[in-house]
Every structure is written in C-alpha cells, then in structure tokens.
Amino acid sequence: MSRVELRGLSKSFGPVQAVRDVSLDISDHAFVTLLGPSGCGKTTTLNMTAGLEAVSSGDVLLDGVPITGWAPHERGMAMVFQNYALYPHMNVFDNIGFALKLQRRPRAEIERRVRATAEALELGALLERRISQLSGGQQQRVALARAMVKEPQVFLFDEPLSNLDAALRTRMRIEIKRLHQQLRTTSIFVTHDQEEAMILSDFIAVMRDGVVVQYGPADEVYRRPAHHYVATFIGKPRMGIVTGRLRTSGEVAEFTAAGLQMRWRDPAILVLGPGDREVLLGVRAEDARIVARVDQDEAGFDGAVELLEPLGSDTFVEVGRGEHRLTARVEPDKAPRLAEPVRLRLPWNRLHLFDAATEQRINA
Ligand code: ATP
C-alpha cells in the first residue's frame, strides 16, 4: 500500500503565498499529475510532499501515517528532477547505485539491483560511461534508474522531461508510462504541459495561483471541466468560447451574443431552473460538426472559414462570425475552403456552460 494524502497544505515564502490549502487523496498505484502554468505552486507542493520544503500548515500522510515532519530519506519516496541532478564525475553504474551504497547494502546486492534496473531502462551497455558522455535522453534514463533502484513506495517527478527536445520528450513520456504500467508505483508528476498530463495520468490536479481548481480522473477533467480555466487550459486546440446571455426555461435554452442567437433543448439545463444570466459557452473542436442543416431543437453556429490548420490526420477549421470564433475538427478530405460559409452543429450534450462571473461550470 502506498496512498498519499495531502491535507490542507499551505506554504508562504514571506509575503508570497505559493500554495493555499491543497488537499489531494492519491490512491495506491495511481499516477497523478499536478498541472498548471509556471509559478502556480506545483513544485512547492511536490517539495512539501517529499520533505524538501517545510510546510507552513497542513499535513502529508503516507498510508494514513502523518509524515509531515519526517526527513526526505525516511519517507520511502524517490524524486526525479528536471535537471537530473546526476553526479557528473561518476559513471552510470555509480550514479544508479549511489543511494544503495549510502545505505551500506552488500556489494553483491548493489551489483544485482543496479544491473537489473539498468537493463529495464536499456542502460545495460552504458554502465561504465561517464555522465558527460551521455545524450540528454540517456541522462534522463539514468535519473529514472537512480530513483527506481531504491524501490520506493512513491515516485515524485518534477518536470523531468522539460529539458528534452520535442521528439525525445515524446519517447521518454511513453517510457515513463510503460514503467508505471509495469511497476504500478504510486506516482506524482509535475508538468505545465497539458498533453503530457493527459497521456500519463490517471488523475489530474489542475492548479492556479497556489490553489487546486479541479482534481479528478484525467478523462473527466477533459470532458467535464468544472471551471472555465480548466476548460481552456486542457485540450488542443483550445476550447472555443463565446460570451453571451443564457435564458433558460425548463429544458429550453436560448443563448444570445452580439449578432448571434441559438436555441436548443437540453435536459442538463433543468438544474439551472428558469433564469437569465451572463455565461461563457464552450465547445471543443471534436464536438462541433460541419453540417448542411441544424435541427430545430439543436444549437447551430453560422459563420465563415477563417483559418485552416491541416495536421495530416485531421484538419482544424476555425469558423468566425463577428467577434465570435469556434473551431471544428474535420477529416482532411472533407475540409471546406477558406472564406466558405459553413454551419456548425453544436450537440447540446457536448456544450460547456460557465457562469461569466464565477467561471464555474453550471450545466450538469
Ligand atoms: P514552475 O513550473 O515555474 O517551477 P511552479 O508551479 O512549480 O512553477 P513554484 O515553483 O511552486 O511554482 O512557485 C510558486 C510560487 O512561489 C512562485 O510565485 C514562486 O516565485 C514562489 N517561490 C517558490 N519558491 C520560493 C522561494 N524559495 N522563495 C520565495 N518564493 C518562492
């Protein structure tokens, strides 16, 4: 068992409150990502979990035991850093085995564990090499091996891939994923890259200004963002958003924005009750369909093609009308031409509605 609980963690550096009341329950075997832009408090949260940074308030628990005051090496956690933090004057073998040597493990055991870990990460042939003679990807693998050889209860990753070029980054992230599928070690991973978070994680905690805005299964955070910030931070291309007024009455929703009117029927509106409010209406590109006509009870958006983004596998079509812009994903051979007038169908069960003032999700 290796369940990590963060309870009301806060951290101030003088006047700067870096982390505010962060509570996360990370179950055994889970791969959890802390996702957010630079400076939002991800690293500080991870460092408090690792014991590298003292908490201002709150608690860290491992399998129900409070470990808040424990030294880093007592926690059974191994950290992989962005800058690898390898020992450049040592060879690969000694880097991987260093922690075991400190623990005064028998020579034969160190030999066996280092070799097994090196084999698992395809470093077997490089054990005698010095760190300075390795590529960036190989150094990253040594950093992973050094954490893995300790057989920790929990892995903590602080942006481990951000120093790698795009191609290598993609490869290494698959390696980390494969490793987690094999070892099933509880993992907490920090990144500002939403795509990386989606690919790797079981659960994502989206952070902003020291606060967790949403924590949930990765697919739920994507499909049902609880906040406008989460909706636009996760997903490529960015979720299309139109600001306007929403009038609801029973299942009928009427949305008006400058030069735009939509009316549709939607059981998810029932929770709102009758009313009239300023909202942000969001649609993901894969949910918007280019169609010849829109049925009476469906939301539609008429506009002209303003931009085509062909990716080979798909083409993203940006459709504009006045100040409003939405994107639709189409098959490349079905892409319209630039400036062509098109109609988008916006399926009611794929719409995201956020209160314009609080930016919180309002539809079910
Ligand atoms: P990045 O992705 O850039 O590392 P982050 O989300 O990990 O960002 P943190 O490094 O946790 O963010 O920093 C959160 C806030 O706390 C920032 O405003 C940062 O400037 C501040 N901060 C972090 N460490 C310290 C420190 N040792 N002293 C003072 N302020 C700090």
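The values are calculated or read from the model by the stated rules, or taken from the named source; none is laboratory data. Everything numeric here is computed off the predicted structure, so don't read it as measured data. Cβ atoms come from the backbone with ideal geometry, glycine included; neighbour counts cover every protein chain shown. Heads up: the accessible areas ignore ligands, DNA and RNA and are worked out on the full protein's heavy atoms, side chains in. Shrake-Rupley method; radii C 1.70, N 1.55, O 1.52, S 1.80 Å.
The chymotrypsin sites (Phe, Trp or Tyr not before Pro) found in the range 171-232 include none that occupy coil by DSSP while having at most 11 further C-beta atoms within 10 Å. Each residue of the range 251-262 was assigned a 3J(HN,Hα) from its phi angle through the Karplus curve 6.51 cos²θ - 1.76 cosθ + 1.60 (θ = phi - 60°); the sequence is 8, 9, 10, 10, 10, 10, 9, 3, x, 8, 9, 9 Hz, with glycine and proline shown as x. Relative to the longest principal axis of the Cα atoms of the chain, the long axis of helix 136-148 makes an angle of roughly 70 degrees.
Under the criterion of Cα pairs below 8 Å and six or more residues apart, the relative contact order for the range 240-355 equals 29 percent.
Sequentially through the range 126-134, phi angles give Karplus couplings (6.51, -1.76, 1.60; θ = phi - 60°) of 10, 4, 8, 5, 7, 4, 5, 9, 10 Hz, Gly and Pro residues having no value and appearing as x. Accessible surface of the chain, 1.4 Å probe: 48 percent of it comes from carbon and sulfur atoms.
At 0.36 nm per residue, and after removing the present C-alpha to C-alpha distance, how many nm does the segment from TYR87 to GLU254 gain when stretched out fully?
Residue separation times 0.36 nm, minus the Cα-Cα distance, leaves 53.8 nm.
To the nearest ten degrees, helix 92-102 and the longest principal axis of the Cα atoms of the chain are 70 degrees apart. With the cut-off at 26 Å, tell me which of the pairs LYS177/LYS236; LYS11/LYS150; LYS42/LYS236; LYS150/LYS177 have Cα atoms farther apart than that. In this structure, LYS11/LYS150 lie more than 26 Å apart at Cα. Placing a label point 7 Å from the Cα of ASP276 along the Cα-to-Cβ direction, no residue of the range 283-302 has its backbone N under 15 Å from that point. In the context of the full set of protein chains, the chain has a per residue accessible area of 47 Å² (1.4 Å probe).
Taking 0.36 nm per residue of sequence separation and removing the Cα-Cα distance, the SER12/ASP25 pair yields an extension gain of 2.5 nm. What is the helix-to-structure angle for 107-120, meaning the angle in degrees between its Cα long axis and the longest Cα principal axis of the chain, kept from 0 to 90 and rounded to the nearest 10? Long axis of 107-120 versus the principal axis of the chain: about 30 degrees. Accessible surface for THR44 stands near 20 Å², nearest 10, in the context of the full protein assembly shown (1.4 Å probe). Bridge orientation summary for the range 4-227: considering DSSP beta bridges with both residues in this region, about 55 percent are antiparallel. Calculated FRET efficiency, GLU109 to GLU195, Cβ-Cβ distance, R0 = 45 Å: about 0.70 to the nearest 0.05. For the range 70-136, what does the alpha-carbon gyration tensor say about shape, rounded, prolate or oblate, given a ≥ b ≥ c as the root eigenvalues, a/c under 1.5 as rounded, and a/b over b/c as prolate? Oblate, because a/c is 1.5 or more while a/b does not exceed b/c.
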